[in-house]
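Here is the structure we will look at, set down as structure tokens.
The values are calculated or read from the model by the stated rules, or taken from the named source; none is laboratory data. A quick note: this is a predicted structure, and the numbers were derived from the prediction, not measured. So basically every Cβ, Gly included, is an ideal-geometry build from the backbone, and we count neighbours across all protein chains shown.
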């Protein structure tokens, strides 16, 4: 499987276009030390092409779950395959489980493309990821272009995995949390003490979560005191929502900038409140995420 490696002043970024357009590693070599800014994918994970074992993967053309893979849209009833058995819902779109094509690649940048022909998702679209690596960070620009002759539902997001230590801290100013049912689907938007804790900064191990948040400032900071390292993640509109996944017993956590609430296509709230949007024929939805790491110790 072909892998693209970008380099910039000790920083490295490794991409696997054929494996769902995933990032497999983002790291820094300085002196005799190495720092991992994302959880690196193993060679075995790369060969399987499993985004759940990657460093990061794209969320196209929707983020997270759609209940039972079914939703109505402009008079059409859509039924998607359940693409992550035994998960009982459609999850994360199509692009993370498909091969992307490298359209451009240089020492510090790369452009990946994925084209979708209508199937159970009955709209044609083209998606791109543009990665730009510099000595100060990496920017990921996502684009979703509707190539159908009718409007389609549209969403974008990015699913990075971060390593955790006992003292890892996350600071992410948010306003409200979506409470969920037993299947981790949103049921109620509510105030919660968790939002104040996240906004002020909280130790990862103290807050197991698998929830979406609204009122996100589009900035999150992760501190690893044991490593003397910090990473700031910033996003541009329409990535106005944040999904946080902190499993209680696994060595990673996820902080995902997304353009809509989980299962937004089935929620009854106003479109603007949940990020539900319709992309007109020929139109493009754009999003951007920047990771800025630094050594603090």
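Structural remarks
- Within region 151-191, the set of residues being assigned to a strand (DSSP E or B) and under 13 Å from residue 255 (Cβ atoms) comprises 157, 158, 159, 160, 161, 162, 163, 169, 170, 171.
- If you check 223, 210, 181 for being free of Cβ contacts under 8 Å to residues at least 12 places away in the same chain and touching a strand residue (DSSP E or B) at 6+ places or on another chain (Cβ under 7 Å), only one passes: 181.
- Check on residue 256, part of a loop (DSSP other than H, G, I, E, B) and either closer than 21 Å to residue 137 by Cβ or touching a residue at least 24 places away in the same chain (Cβ under 8 Å) (or both): no
- Condition met for residue 244 (surrounded by fewer than 22 Cβ atoms within 10 Å (Cβ to Cβ), under 27 Å from residue 37 (Cβ atoms), at pLDDT 95 or above and within 16 Å of the chain's Cα centre (by Cα)): no
- All positions within region 44-67 that are touching a strand residue (DSSP E or B) at 6+ places or on another chain (Cβ under 8 Å) and within 17 Å of residue 121 (Cβ to Cβ): 58, 59, 60, 61, 62, 63, 64, 65, 66
- Test: residue in region 59-67 that is on the phi > 0 side of the Ramachandran plot and either modelled with pLDDT of 95 or more or surrounded by fewer than 18 Cβ atoms within 10 Å (Cβ to Cβ) (or both): yes
- For residue 228: the one exception among (1) within 17 Å of residue 254 (Cβ to Cβ); (2) in contact with a strand residue (DSSP E or B) (Cβ under 7 Å, 6 or more places away or on another chain): (1)
To keep it simple, each residue is scored yes or no on (1) at pLDDT below 95; (2) touching a helix residue (DSSP H, G or I) at 6+ places or on another chain (Cβ under 6 Å); (3) surrounded by 17 or more Cβ atoms within 10 Å (Cβ to Cβ).
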position: 183; (1), (2), (3): yes, no, no
position: 200; (1), (2), (3): no, no, no
position: 218; (1), (2), (3): no, no, yes
position: 221; (1), (2), (3): no, no, yes
position: 231; (1), (2), (3): no, no, yes
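- Region 187-222, residues that are under 18 Å from the mean Cα position of the chain (by Cα) and under 17 Å from residue 263 (Cα atoms): 210, 211, 212, 213, 214
- All conditions but one from (1) modelled with pLDDT of 95 or more; (2) over 19 Å from residue 292 (Cα atoms); (3) in contact with a strand residue (DSSP E or B) (Cβ under 6 Å, 6 or more places away or on another chain) apply to residue 41; the one that does not is (1).
- Residues considered: 143, 127. Of these, the only one that is in a strand (DSSP E or B), out of contact with any helix residue (DSSP H, G or I) (no Cβ under 6 Å at 6 or more places or on another chain) and within 22 Å of residue 237 (Cα to Cα) is 143.
- Among strands (runs of 3 or more DSSP E) entirely within region 1-40, having at least 1 residues that are over 16 Å from residue 231 (Cα atoms), touching a residue at least 24 places away in the same chain (Cβ under 8 Å) and touching a helix residue (DSSP H, G or I) at 6+ places or on another chain (Cβ under 8 Å) singles out 11-16, 22-30.
- Residue check for residue 126: in contact with a strand residue (DSSP E or B) (Cβ under 7 Å, 6 or more places away or on another chain) and under 23 Å from residue 257 (Cα atoms): yes
- Against the test of being touching a strand residue (DSSP E or B) at 6+ places or on another chain (Cβ under 8 Å), assigned to a loop (DSSP other than H, G, I, E, B) and either free of Cβ contacts under 8 Å to residues at least 12 places away in the same chain or farther than 24 Å from residue 7 by Cα (or both), the options 81, 118 yield a single qualifying residue, 81.
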